[in-house]
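The values are calculated or read from the model by the stated rules, or taken from the named source; none is laboratory data. As the structure is a computational prediction, the values presented were derived from the model and not from experiment. Neighbour counts run over all protein chains shown; Cβ positions are idealised from the backbone, glycine included.
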Amino acid sequence: EMERTLKAEQFNPIEMMVGSGARGNMMQVRQIAGMRGLVANPRGDMIPRPIKSNFREGLTMLEYFISTPGARKGLVDTALRTADSGYLTRRLVDVAQELIINTEDPFESGSAVRGIWIENIEADRPGKRAWLETRLYSRTIADDVTLSDGSVITKGTVLGDPEVEALRDDPKVNRVRVLSPLTDDSDLGVSAACYGFGLATGKLIEVGEAVGVIAAQSIGEPGTQLTMRTFHTGGVAGTDLAGGLPRVVELFEARSPKGKATLTRLTGTVRIAEDEGKGRVITVVADDGTEESYIVPGLSRLEVVDGQEVNAGDPIVDGPRDPKELMEIKGVQETQQYLVTEVQKVYRDQGVPIHDKHIELIVRQMTRKITVQEPGDSDFLPGERVDSKVYRDVNRALVMEGKTPAEGRPEIMGITKASLATDSWLSAASFQETTRVLTEAAIESRSDSLLGLKENIIIGKLIPAGTGMAAYRDITTAAPDYSPMEYYSSSDEGDEGNDLADMLADRMAGDMVAGAGDLAESGESLPDAEVIDLPLADTAE
(Lines give C-alpha, C1' and ligand atoms only; values in the text may rest on other atoms or scores of the structure.)
Protein backbone atom coordinates (compact mmCIF):
# COMPACT_ATOMS: atom_id res chain seq x y z
CA GLU A 1 0.00 0.00 0.00
CA MET A 2 2.77 2.40 1.00
CA GLU A 3 4.77 1.63 -2.16
CA ARG A 4 1.70 2.20 -4.35
CA THR A 5 0.97 5.53 -2.66
CA LEU A 6 4.57 6.66 -3.10
CA LYS A 7 4.71 5.66 -6.76
CA ALA A 8 1.44 7.53 -7.43
CA GLU A 9 3.15 10.78 -6.43
CA GLN A 10 5.65 11.09 -9.22
CA PHE A 11 7.89 13.76 -7.71
CA ASN A 12 7.68 12.78 -4.05
CA PRO A 13 11.22 13.46 -2.72
CA ILE A 14 11.37 10.20 -0.74
CA GLU A 15 10.14 8.16 -3.71
CA MET A 16 12.74 9.85 -5.93
CA MET A 17 15.54 8.96 -3.51
CA VAL A 18 14.47 5.35 -2.93
CA GLY A 19 13.29 4.67 -6.49
CA SER A 20 16.51 5.88 -8.09
CA GLY A 21 18.62 3.92 -5.61
CA ALA A 22 20.43 7.10 -4.60
CA ARG A 23 19.80 6.68 -0.88
CA GLY A 24 17.73 4.45 1.40
CA ASN A 25 15.30 1.61 0.77
CA MET A 26 11.66 0.71 1.48
CA MET A 27 12.58 -0.70 4.90
CA GLN A 28 13.58 2.79 6.03
CA VAL A 29 10.46 4.35 4.49
CA ARG A 30 8.32 1.86 6.47
CA GLN A 31 10.08 2.87 9.68
CA ILE A 32 9.43 6.56 8.95
CA ALA A 33 5.74 6.30 8.02
CA GLY A 34 4.50 2.82 9.03
CA MET A 35 5.88 1.06 12.10
CA ARG A 36 9.36 0.06 13.19
CA GLY A 37 8.35 -3.53 13.93
CA LEU A 38 10.53 -6.07 15.72
CA VAL A 39 14.07 -5.11 16.68
CA ALA A 40 17.05 -7.23 17.68
CA ASN A 41 18.96 -7.23 20.96
CA PRO A 42 22.81 -7.13 21.09
CA ARG A 43 23.01 -10.93 20.75
CA GLY A 44 21.02 -10.78 17.52
CA ASP A 45 17.85 -12.35 19.01
CA MET A 46 14.46 -10.76 18.39
CA ILE A 47 12.93 -8.68 21.21
CA PRO A 48 9.34 -10.04 21.44
CA ARG A 49 7.72 -6.63 22.03
CA PRO A 50 7.25 -4.87 18.66
CA ILE A 51 7.69 -1.12 18.24
CA LYS A 52 4.30 0.02 16.94
CA SER A 53 5.20 3.70 16.46
CA ASN A 54 7.08 5.20 13.56
CA PHE A 55 9.68 7.95 13.41
CA ARG A 56 7.21 10.51 12.06
CA GLU A 57 4.93 10.19 15.10
CA GLY A 58 7.79 9.54 17.52
CA LEU A 59 8.59 6.62 19.82
CA THR A 60 7.44 6.18 23.42
CA MET A 61 10.04 6.09 26.19
CA LEU A 62 9.99 2.27 26.38
CA GLU A 63 10.13 1.87 22.59
CA TYR A 64 13.08 4.24 22.43
CA PHE A 65 15.03 2.22 24.99
CA ILE A 66 14.15 -1.08 23.30
CA SER A 67 15.59 0.22 20.02
CA THR A 68 18.88 1.56 21.48
CA PRO A 69 20.87 -1.74 21.56
CA GLY A 70 20.19 -2.32 17.85
CA ALA A 71 21.22 1.23 16.95
CA ARG A 72 24.41 0.95 19.02
CA LYS A 73 25.25 -2.40 17.42
CA GLY A 74 25.12 -0.71 14.03
CA LEU A 75 27.71 1.88 15.09
CA VAL A 76 30.02 -0.66 16.73
CA ASP A 77 29.82 -3.04 13.76
CA THR A 78 30.66 -0.24 11.34
CA ALA A 79 33.85 0.48 13.25
CA LEU A 80 34.92 -3.15 13.66
CA ARG A 81 33.90 -4.62 10.33
CA THR A 82 35.78 -2.06 8.19
CA ALA A 83 38.98 -3.81 9.28
CA ASP A 84 37.46 -7.21 8.38
CA SER A 85 36.62 -5.95 4.89
CA GLY A 86 40.19 -4.72 4.34
CA TYR A 87 41.60 -8.06 5.50
CA LEU A 88 39.24 -9.94 3.14
CA THR A 89 40.54 -7.82 0.23
CA ARG A 90 44.14 -8.65 1.18
CA ARG A 91 43.41 -12.39 1.22
CA LEU A 92 41.55 -12.20 -2.11
CA VAL A 93 44.45 -10.33 -3.75
CA ASP A 94 46.91 -12.88 -2.40
CA VAL A 95 45.01 -15.89 -3.70
CA ALA A 96 44.35 -14.41 -7.16
CA GLN A 97 47.46 -12.31 -7.87
CA GLU A 98 48.98 -14.87 -10.25
CA LEU A 99 45.98 -14.80 -12.62
CA ILE A 100 47.09 -12.88 -15.72
CA ILE A 101 45.62 -12.93 -19.24
CA ASN A 102 47.71 -15.22 -21.47
CA THR A 103 48.01 -15.60 -25.25
CA GLU A 104 46.17 -18.94 -25.52
CA ASP A 105 43.03 -19.45 -27.64
CA PRO A 106 40.73 -22.30 -26.51
CA PHE A 107 39.15 -22.53 -30.01
CA GLU A 108 42.54 -22.99 -31.74
CA SER A 109 42.85 -26.75 -31.18
CA GLY A 110 39.52 -27.46 -32.89
CA SER A 111 38.46 -29.82 -30.10
CA ALA A 112 35.35 -29.23 -27.96
CA VAL A 113 35.78 -26.48 -25.39
CA ARG A 114 34.50 -26.74 -21.82
CA GLY A 115 32.04 -24.13 -20.58
CA ILE A 116 29.25 -23.38 -18.11
CA TRP A 117 25.51 -22.93 -18.68
CA ILE A 118 23.88 -19.56 -18.00
CA GLU A 119 20.24 -20.35 -17.18
CA ASN A 120 17.05 -18.24 -17.03
CA ILE A 121 17.84 -15.75 -19.78
CA GLU A 122 14.80 -13.49 -19.64
CA ALA A 123 13.77 -9.87 -19.20
CA ASP A 124 13.47 -8.34 -15.73
CA ARG A 125 10.01 -8.72 -14.21
CA PRO A 126 8.42 -6.84 -11.29
CA GLY A 127 9.98 -8.25 -8.14
CA LYS A 128 12.44 -10.44 -10.06
CA ARG A 129 15.64 -9.31 -11.73
CA ALA A 130 17.44 -11.55 -14.21
CA TRP A 131 20.85 -9.87 -13.54
CA LEU A 132 21.97 -10.56 -17.13
CA GLU A 133 24.39 -7.62 -16.95
CA THR A 134 26.42 -9.46 -14.28
CA ARG A 135 25.89 -13.02 -15.56
CA LEU A 136 25.89 -12.93 -19.36
CA TYR A 137 27.28 -9.60 -20.58
CA SER A 138 30.95 -9.64 -21.72
CA ARG A 139 31.10 -13.47 -21.93
CA THR A 140 32.29 -15.56 -24.90
CA ILE A 141 29.71 -17.92 -26.44
CA ALA A 142 30.92 -21.57 -26.47
CA ASP A 143 28.39 -22.89 -29.06
CA ASP A 144 26.46 -21.38 -31.98
CA VAL A 145 23.08 -19.98 -30.84
CA THR A 146 20.22 -19.81 -33.37
CA LEU A 147 17.63 -17.09 -32.66
CA SER A 148 13.92 -17.18 -33.56
CA ASP A 149 14.42 -14.95 -36.61
CA GLY A 150 16.96 -17.42 -38.05
CA SER A 151 20.04 -15.32 -37.30
CA VAL A 152 22.96 -17.06 -35.60
CA ILE A 153 25.31 -15.82 -32.89
CA THR A 154 28.44 -17.81 -33.74
CA LYS A 155 30.64 -19.44 -31.14
CA GLY A 156 33.57 -17.29 -30.09
CA THR A 157 31.42 -14.13 -30.16
CA VAL A 158 31.85 -11.94 -27.10
CA LEU A 159 28.40 -10.81 -25.96
CA GLY A 160 28.01 -7.03 -25.95
CA ASP A 161 24.81 -5.06 -25.31
CA PRO A 162 23.16 -5.82 -28.71
CA GLU A 163 23.72 -9.60 -28.37
CA VAL A 164 22.54 -9.73 -24.74
CA GLU A 165 19.41 -7.78 -25.74
CA ALA A 166 18.71 -10.17 -28.62
CA LEU A 167 19.09 -13.24 -26.37
CA ARG A 168 17.00 -11.69 -23.58
CA ASP A 169 14.07 -10.83 -25.87
CA ASP A 170 14.13 -14.15 -27.76
CA PRO A 171 11.42 -16.55 -26.45
CA LYS A 172 13.25 -19.53 -27.96
CA VAL A 173 16.45 -19.03 -25.95
CA ASN A 174 16.37 -19.78 -22.23
CA ARG A 175 19.98 -20.78 -21.64
CA VAL A 176 23.35 -20.58 -23.39
CA ARG A 177 26.76 -22.16 -22.84
CA VAL A 178 29.61 -19.72 -22.34
CA LEU A 179 33.33 -19.93 -21.64
CA SER A 180 34.32 -19.23 -18.06
CA PRO A 181 37.48 -18.90 -15.95
CA LEU A 182 36.13 -21.94 -14.05
CA THR A 183 36.57 -24.21 -17.10
CA ASP A 184 39.71 -22.61 -18.56
CA ASP A 185 42.46 -25.17 -19.26
CA SER A 186 45.35 -22.70 -19.63
CA ASP A 187 48.74 -23.71 -18.20
CA LEU A 188 49.23 -20.28 -16.67
CA GLY A 189 46.70 -17.54 -15.99
CA VAL A 190 43.46 -17.18 -17.97
CA SER A 191 42.82 -16.96 -21.72
CA ALA A 192 41.27 -13.76 -23.11
CA ALA A 193 38.35 -15.75 -24.61
CA CYS A 194 37.44 -17.31 -21.24
CA TYR A 195 37.50 -13.86 -19.60
CA GLY A 196 35.71 -11.90 -22.36
CA PHE A 197 35.43 -8.11 -22.37
CA GLY A 198 37.31 -6.01 -19.85
CA LEU A 199 34.51 -4.29 -17.94
CA ALA A 200 36.52 -1.06 -17.71
CA THR A 201 36.87 -0.64 -21.50
CA GLY A 202 34.04 -2.67 -23.03
CA LYS A 203 36.62 -4.26 -25.37
CA LEU A 204 38.23 -7.71 -25.37
CA ILE A 205 40.64 -7.91 -22.43
CA GLU A 206 44.27 -7.32 -23.40
CA VAL A 207 47.04 -9.87 -22.97
CA GLY A 208 48.93 -9.19 -19.75
CA GLU A 209 46.01 -7.71 -17.80
CA ALA A 210 46.19 -8.70 -14.10
CA VAL A 211 42.58 -9.89 -13.91
CA GLY A 212 43.12 -11.66 -10.57
CA VAL A 213 43.89 -8.41 -8.77
CA ILE A 214 40.99 -6.67 -10.54
CA ALA A 215 38.64 -9.46 -9.39
CA ALA A 216 39.89 -9.26 -5.79
CA GLN A 217 39.40 -5.51 -5.65
CA SER A 218 35.99 -5.72 -7.35
CA ILE A 219 34.79 -8.07 -4.59
CA GLY A 220 36.62 -6.43 -1.68
CA GLU A 221 35.66 -2.80 -2.30
CA PRO A 222 31.87 -3.38 -2.16
CA GLY A 223 32.60 -5.49 0.94
CA THR A 224 33.32 -2.19 2.64
CA GLN A 225 29.87 -1.00 1.50
CA LEU A 226 28.24 -4.08 3.05
CA THR A 227 29.90 -3.00 6.26
CA MET A 228 28.91 0.66 6.08
CA ARG A 229 25.24 0.01 5.33
CA THR A 230 24.73 -1.77 8.67
CA PHE A 231 24.49 1.67 10.21
CA HIS A 232 21.38 2.68 8.28
CA THR A 233 18.92 -0.02 9.42
CA GLY A 234 19.00 0.85 13.13
CA GLY A 235 19.06 -2.79 14.23
CA VAL A 236 15.67 -3.81 12.82
CA ALA A 237 15.36 -7.60 13.13
CA GLY A 238 16.06 -9.63 10.01
CA THR A 239 17.85 -6.81 8.21
CA ASP A 240 21.16 -6.88 10.06
CA LEU A 241 23.28 -6.28 7.00
CA ALA A 242 26.47 -6.97 8.92
CA GLY A 243 25.50 -10.61 8.39
CA GLY A 244 26.45 -9.94 4.77
CA LEU A 245 30.21 -9.64 5.18
CA PRO A 246 30.67 -12.60 7.58
CA ARG A 247 28.65 -14.75 5.14
CA VAL A 248 30.96 -13.75 2.25
CA VAL A 249 34.02 -14.57 4.40
CA GLU A 250 32.43 -17.90 5.43
CA LEU A 251 31.94 -18.85 1.76
CA PHE A 252 35.41 -17.78 0.59
CA GLU A 253 37.04 -19.59 3.51
CA ALA A 254 34.89 -22.70 2.69
CA ARG A 255 33.85 -23.01 6.34
CA SER A 256 31.11 -25.30 7.58
CA PRO A 257 28.15 -22.91 8.21
CA LYS A 258 26.12 -22.76 11.42
CA GLY A 259 22.77 -24.55 11.14
CA LYS A 260 23.82 -26.20 7.88
CA ALA A 261 21.38 -28.17 5.74
CA THR A 262 21.46 -31.98 5.81
CA LEU A 263 22.21 -33.28 2.30
CA THR A 264 21.06 -36.64 0.94
CA ARG A 265 23.81 -38.97 -0.22
CA LEU A 266 21.47 -41.19 -2.25
CA THR A 267 19.14 -40.68 -5.19
CA GLY A 268 15.72 -42.12 -4.38
CA THR A 269 12.35 -41.64 -2.66
CA VAL A 270 11.78 -39.87 0.68
CA ARG A 271 9.98 -41.55 3.58
CA ILE A 272 9.15 -39.41 6.65
CA ALA A 273 8.38 -40.94 10.06
CA GLU A 274 7.81 -39.31 13.46
CA ASP A 275 10.04 -40.50 16.32
CA GLU A 276 8.91 -39.28 19.72
CA GLY A 277 11.70 -37.72 21.71
CA LYS A 278 14.12 -37.58 18.75
CA GLY A 279 12.18 -35.57 16.19
CA ARG A 280 11.56 -36.79 12.65
CA VAL A 281 13.34 -39.65 10.91
CA ILE A 282 13.78 -39.10 7.18
CA THR A 283 14.73 -42.15 5.13
CA VAL A 284 15.83 -42.03 1.50
CA VAL A 285 15.24 -45.34 -0.34
CA ALA A 286 17.28 -45.79 -3.52
CA ASP A 287 16.05 -47.74 -6.57
CA ASP A 288 18.32 -50.69 -5.70
CA GLY A 289 16.78 -50.93 -2.20
CA THR A 290 19.60 -49.32 -0.20
CA GLU A 291 18.45 -46.93 2.52
CA GLU A 292 19.92 -44.04 4.42
CA SER A 293 18.22 -42.40 7.42
CA TYR A 294 18.63 -38.91 8.87
CA ILE A 295 17.29 -37.71 12.24
CA VAL A 296 16.00 -34.15 11.99
CA PRO A 297 15.08 -32.02 15.06
CA GLY A 298 11.35 -31.31 15.33
CA LEU A 299 11.71 -27.53 14.86
CA SER A 300 13.72 -27.79 11.60
CA ARG A 301 11.95 -26.71 8.43
CA LEU A 302 11.81 -29.58 5.94
CA GLU A 303 12.64 -29.04 2.27
CA VAL A 304 11.08 -32.38 1.23
CA VAL A 305 7.68 -34.10 1.56
CA ASP A 306 6.80 -37.76 1.98
CA GLY A 307 7.09 -39.66 -1.32
CA GLN A 308 9.18 -36.98 -3.06
CA GLU A 309 11.95 -38.03 -5.46
CA VAL A 310 15.34 -36.54 -4.53
CA ASN A 311 18.81 -36.55 -6.07
CA ALA A 312 22.08 -37.03 -4.22
CA GLY A 313 23.18 -33.69 -2.78
CA ASP A 314 19.66 -32.25 -2.40
CA PRO A 315 18.93 -30.61 0.99
CA ILE A 316 16.48 -32.32 3.36
CA VAL A 317 16.15 -29.39 5.77
CA ASP A 318 16.38 -25.66 5.18
CA GLY A 319 19.76 -23.98 5.69
CA PRO A 320 23.06 -23.16 4.00
CA ARG A 321 25.05 -26.06 2.52
CA ASP A 322 28.53 -27.10 3.60
CA PRO A 323 30.80 -26.61 0.52
CA LYS A 324 33.11 -29.51 1.51
CA GLU A 325 30.16 -31.91 1.85
CA LEU A 326 28.71 -30.66 -1.45
CA MET A 327 32.09 -31.28 -3.14
CA GLU A 328 32.11 -34.90 -1.86
CA ILE A 329 28.58 -35.64 -3.08
CA LYS A 330 28.08 -33.52 -6.20
CA GLY A 331 31.60 -32.75 -7.45
CA VAL A 332 33.51 -29.67 -8.55
CA GLN A 333 31.16 -27.91 -10.98
CA GLU A 334 28.11 -27.98 -8.69
CA THR A 335 30.20 -26.68 -5.78
CA GLN A 336 31.70 -23.89 -7.88
CA GLN A 337 28.25 -22.78 -9.06
CA TYR A 338 26.90 -22.91 -5.49
CA LEU A 339 29.70 -20.67 -4.18
CA VAL A 340 29.24 -18.11 -6.99
CA THR A 341 25.45 -18.03 -6.46
CA GLU A 342 25.68 -17.69 -2.67
CA VAL A 343 28.27 -14.87 -2.77
CA GLN A 344 26.13 -13.06 -5.35
CA LYS A 345 23.05 -13.38 -3.11
CA VAL A 346 24.75 -11.35 -0.38
CA TYR A 347 25.85 -8.56 -2.73
CA ARG A 348 22.59 -8.46 -4.70
CA ASP A 349 20.59 -8.12 -1.48
CA GLN A 350 22.48 -4.86 -1.03
CA GLY A 351 21.93 -3.83 -4.66
CA VAL A 352 25.67 -4.12 -5.35
CA PRO A 353 26.32 -5.42 -8.88
CA ILE A 354 29.49 -7.53 -9.24
CA HIS A 355 30.12 -9.58 -12.37
CA ASP A 356 30.06 -13.35 -11.87
CA LYS A 357 33.46 -13.76 -13.53
CA HIS A 358 35.24 -11.89 -10.72
CA ILE A 359 33.86 -14.39 -8.19
CA GLU A 360 34.59 -17.28 -10.59
CA LEU A 361 38.29 -16.35 -10.70
CA ILE A 362 38.50 -16.60 -6.90
CA VAL A 363 36.47 -19.85 -6.79
CA ARG A 364 38.75 -21.29 -9.48
CA GLN A 365 41.74 -20.73 -7.19
CA MET A 366 39.87 -22.38 -4.29
CA THR A 367 39.13 -25.56 -6.30
CA ARG A 368 42.37 -25.93 -8.28
CA LYS A 369 43.92 -28.77 -6.20
CA ILE A 370 43.33 -32.54 -6.28
CA THR A 371 44.34 -34.95 -3.50
CA VAL A 372 45.88 -38.14 -4.92
CA GLN A 373 44.38 -41.34 -3.48
CA GLU A 374 45.81 -44.04 -5.77
CA PRO A 375 48.96 -42.98 -7.69
CA GLY A 376 48.68 -45.76 -10.34
CA ASP A 377 51.73 -45.62 -12.65
CA SER A 378 52.33 -41.90 -12.00
CA ASP A 379 55.07 -40.39 -9.83
CA PHE A 380 52.49 -38.90 -7.43
CA LEU A 381 52.43 -39.97 -3.79
CA PRO A 382 49.23 -41.04 -1.96
CA GLY A 383 47.80 -38.03 -0.11
CA GLU A 384 49.81 -35.56 -2.23
CA ARG A 385 47.97 -32.38 -3.22
CA VAL A 386 48.59 -31.53 -6.89
CA ASP A 387 47.34 -28.89 -9.29
CA SER A 388 44.31 -30.12 -11.26
CA LYS A 389 45.91 -29.13 -14.61
CA VAL A 390 49.09 -31.11 -13.83
CA TYR A 391 46.96 -34.05 -12.64
CA ARG A 392 44.89 -34.06 -15.87
CA ASP A 393 47.96 -33.77 -18.14
CA VAL A 394 49.83 -36.60 -16.35
CA ASN A 395 46.77 -38.89 -16.49
CA ARG A 396 46.19 -38.09 -20.18
CA ALA A 397 49.80 -39.06 -20.96
CA LEU A 398 49.51 -42.30 -18.91
CA VAL A 399 46.30 -43.35 -20.70
CA MET A 400 47.91 -42.73 -24.11
CA GLU A 401 50.83 -44.97 -23.08
CA GLY A 402 48.41 -47.68 -21.91
CA LYS A 403 49.39 -47.30 -18.24
CA THR A 404 47.21 -47.01 -15.11
CA PRO A 405 46.20 -43.38 -14.42
CA ALA A 406 46.20 -41.90 -10.92
CA GLU A 407 43.00 -41.65 -8.90
CA GLY A 408 42.22 -38.59 -6.80
CA ARG A 409 39.43 -36.50 -5.37
CA PRO A 410 38.98 -32.76 -5.93
CA GLU A 411 39.55 -30.59 -2.89
CA ILE A 412 38.12 -27.23 -1.89
CA MET A 413 40.32 -24.88 0.11
CA GLY A 414 39.51 -21.56 1.76
CA ILE A 415 41.31 -18.53 0.32
CA THR A 416 43.80 -18.40 3.23
CA LYS A 417 44.73 -22.06 2.82
CA ALA A 418 44.83 -21.70 -0.99
CA SER A 419 47.24 -18.73 -0.70
CA LEU A 420 49.59 -20.81 1.47
CA ALA A 421 49.28 -23.85 -0.84
CA THR A 422 50.62 -21.93 -3.85
CA ASP A 423 53.70 -23.21 -5.71
CA SER A 424 55.53 -19.97 -4.89
CA TRP A 425 57.09 -20.08 -1.41
CA LEU A 426 58.07 -16.40 -1.73
CA SER A 427 54.43 -15.37 -2.20
CA ALA A 428 53.22 -17.66 0.62
CA ALA A 429 55.92 -16.44 3.04
CA SER A 430 55.02 -12.79 2.42
CA PHE A 431 51.36 -13.54 3.22
CA GLN A 432 51.15 -15.37 6.58
CA GLU A 433 53.00 -17.90 8.77
CA THR A 434 56.36 -16.79 7.35
CA THR A 435 58.57 -18.97 9.57
CA ARG A 436 56.63 -22.17 8.85
CA VAL A 437 56.51 -21.52 5.08
CA LEU A 438 60.25 -20.77 4.85
CA THR A 439 61.15 -23.77 7.06
CA GLU A 440 59.08 -26.16 4.93
CA ALA A 441 60.45 -24.67 1.69
CA ALA A 442 64.02 -25.17 2.97
CA ILE A 443 63.37 -28.76 4.15
CA GLU A 444 61.76 -29.67 0.81
CA SER A 445 64.47 -27.78 -1.14
CA ARG A 446 61.79 -25.98 -3.14
CA SER A 447 62.47 -23.55 -5.98
CA ASP A 448 60.28 -20.61 -7.02
CA SER A 449 59.48 -20.16 -10.72
CA LEU A 450 58.53 -16.48 -10.19
CA LEU A 451 55.26 -16.77 -12.13
CA GLY A 452 53.09 -14.44 -10.00
CA LEU A 453 53.25 -10.71 -9.28
CA LYS A 454 54.24 -10.75 -5.58
CA GLU A 455 57.33 -12.91 -5.92
CA ASN A 456 58.72 -10.72 -8.71
CA ILE A 457 58.15 -7.54 -6.69
CA ILE A 458 59.90 -9.11 -3.67
CA ILE A 459 63.11 -9.74 -5.62
CA GLY A 460 62.86 -6.48 -7.59
CA LYS A 461 62.07 -7.85 -11.05
CA LEU A 462 59.54 -6.55 -13.57
CA ILE A 463 56.14 -8.10 -12.88
CA PRO A 464 54.99 -10.57 -15.58
CA ALA A 465 51.88 -8.48 -16.32
CA GLY A 466 51.18 -5.57 -18.64
CA THR A 467 54.25 -4.58 -20.64
CA GLY A 468 56.42 -6.60 -18.23
CA MET A 469 55.24 -9.82 -19.93
CA ALA A 470 57.72 -11.83 -21.98
CA ALA A 471 55.38 -11.49 -24.99
CA TYR A 472 55.86 -7.69 -24.92
CA ARG A 473 59.64 -7.82 -24.41
CA ASP A 474 60.18 -9.52 -27.79
CA ILE A 475 58.57 -6.62 -29.67
CA THR A 476 60.90 -4.41 -31.74
CA THR A 477 59.69 -0.85 -32.30
CA ALA A 478 59.54 0.26 -35.91
CA ALA A 479 57.80 2.92 -38.01
CA PRO A 480 57.59 1.76 -41.67
CA ASP A 481 57.40 5.23 -43.29
CA TYR A 482 59.97 6.89 -41.05
CA SER A 483 63.45 7.81 -42.41
CA PRO A 484 65.78 9.82 -40.15
CA MET A 485 67.17 13.14 -41.51
CA GLU A 486 70.91 13.04 -42.25
CA TYR A 487 71.52 16.63 -41.18
CA TYR A 488 69.60 19.67 -40.09
CA SER A 489 68.89 22.15 -42.86
CA SER A 490 67.41 25.57 -42.29
CA SER A 491 65.77 25.29 -45.72
CA ASP A 492 63.16 23.06 -43.98
CA GLU A 493 61.99 26.14 -42.07
CA GLY A 494 59.83 29.03 -43.31
CA ASP A 495 60.94 32.06 -45.42
CA GLU A 496 62.05 33.98 -42.32
CA GLY A 497 64.47 31.19 -41.49
CA ASN A 498 65.92 31.27 -45.01
CA ASP A 499 66.47 35.05 -44.87
CA LEU A 500 68.28 34.67 -41.54
CA ALA A 501 70.49 31.90 -42.94
CA ASP A 502 71.44 34.08 -45.97
CA MET A 503 72.36 37.02 -43.70
CA LEU A 504 74.59 34.79 -41.54
CA ALA A 505 76.30 33.34 -44.63
CA ASP A 506 77.03 36.84 -46.05
CA ARG A 507 78.45 38.05 -42.70
CA MET A 508 80.74 34.98 -42.39
CA ALA A 509 81.98 35.43 -45.95
CA GLY A 510 82.65 39.15 -45.33
CA ASP A 511 84.59 38.42 -42.10
CA MET A 512 86.80 35.89 -43.86
CA VAL A 513 87.64 38.26 -46.73
CA ALA A 514 88.47 41.07 -44.27
CA GLY A 515 90.66 38.74 -42.23
CA ALA A 516 92.60 37.66 -45.31
CA GLY A 517 93.19 41.35 -46.28
CA ASP A 518 94.61 42.16 -42.78
CA LEU A 519 97.04 39.26 -42.99
CA ALA A 520 98.23 40.37 -46.46
CA GLU A 521 98.97 43.94 -45.21
CA SER A 522 100.99 42.65 -42.24
CA GLY A 523 102.98 40.26 -44.46
CA GLU A 524 102.13 37.26 -42.26
CA SER A 525 100.78 33.98 -43.59
CA LEU A 526 98.58 31.28 -42.12
CA PRO A 527 100.22 28.06 -40.88
CA ASP A 528 100.05 25.19 -43.40
CA ALA A 529 97.60 23.18 -41.34
CA GLU A 530 95.15 26.06 -41.10
CA VAL A 531 95.10 27.11 -44.75
CA ILE A 532 91.45 27.30 -45.82
CA ASP A 533 91.03 26.99 -49.54
CA LEU A 534 87.25 26.85 -49.97
CA PRO A 535 84.92 28.67 -52.36
CA LEU A 536 82.74 31.26 -50.62
CA ALA A 537 79.52 29.39 -51.43
CA ASP A 538 80.71 26.27 -49.58
CA THR A 539 81.82 28.38 -46.62
CA ALA A 540 78.37 29.92 -46.41
CA GLU A 541 76.80 26.47 -46.19
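What tally of residues in region 177-231 results from selecting those that are under 25 Å from residue 90 (Cβ atoms), surrounded by fewer than 19 Cβ atoms within 10 Å (Cβ to Cβ), in contact with a strand residue (DSSP E or B) (Cβ under 7 Å, 6 or more places away or on another chain) and modelled with pLDDT of 90 or more? Here the count works out to 0. Taking region 421-475 as the region of interest, the helices (runs of 4 or more DSSP H) fully inside it that hold 1 or more residues being surrounded by 15 or more Cβ atoms within 10 Å (Cβ to Cβ) and either touching a helix residue (DSSP H, G or I) at 6+ places or on another chain (Cβ under 8 Å) or not acidic (Asp, Glu) (or both) are 425-429, 434-443, 453-458. Looking across region 390-425, the residues that are under 30 Å from the mean Cα position of the chain (by Cα) and among the hydroxyl-bearing types (Ser, Thr, Tyr) come down to 391, 416, 419, 422, 424. Whether a residue is under 36 Å from the mean Cα position of the chain (by Cα), of a type in the set (Lys, Arg) and modelled with pLDDT of 85 or more was assessed, and residue 30 passes this test.
Residue 418 meets the conditions (1) part of a loop (DSSP other than H, G, I, E, B); (2) within 24 Å of residue 343 (Cα to Cα) in every case but one. The failed one is (1).
In the set 392, 348, 409, only one residue is charged (D, E, K, R) and under 27 Å from residue 90 (Cβ atoms); that residue is 348.
Can you work out which of the residues in region 419-434 that are in contact with a Ser or Thr (Cβ under 9 Å, 6 or more places away or on another chain) and touching a residue at least 60 places away in the same chain (Cβ under 8 Å) is nearest to residue 451 (Cα to Cα)? In this case the residue turns out to be 424. For region 31-45, the set of residues classified as of a type outside the set (A, V, I, L, M, F, W, C) and assigned to a loop (DSSP other than H, G, I, E, B) consists of 34, 36, 41, 42, 43, 44, 45, listed by residue number. Note on region 36-54: among residues that are hydrophobic (A, V, I, L, M, F, W, C) and surrounded by 14 or more Cβ atoms within 10 Å (Cβ to Cβ), the one that is modelled with the lowest pLDDT is 40.
Scoring residue 117 on the criteria (1) surrounded by 14 or more Cβ atoms within 10 Å (Cβ to Cβ); (2) aromatic (Phe, Trp, Tyr); (3) within 20 Å of the chain's Cα centre (by Cα) leaves a single failure, condition (1).
Look at (1) at pLDDT below 90; (2) surrounded by 14 or more Cβ atoms within 10 Å (Cβ to Cβ) and you find that residue 109 fails only one, number (2).
Residues are listed down the side, and each one gets a yes or a no for (1) without any contact (Cβ under 8 Å) to a residue 24 or more places away in the chain; (2) surrounded by fewer than 22 Cβ atoms within 10 Å (Cβ to Cβ):
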{"position": "82", "(1), (2)": "no, yes"}
{"position": "86", "(1), (2)": "no, yes"}
{"position": "125", "(1), (2)": "yes, yes"}
{"position": "130", "(1), (2)": "no, yes"}
{"position": "149", "(1), (2)": "yes, yes"}
{"position": "167", "(1), (2)": "no, no"}
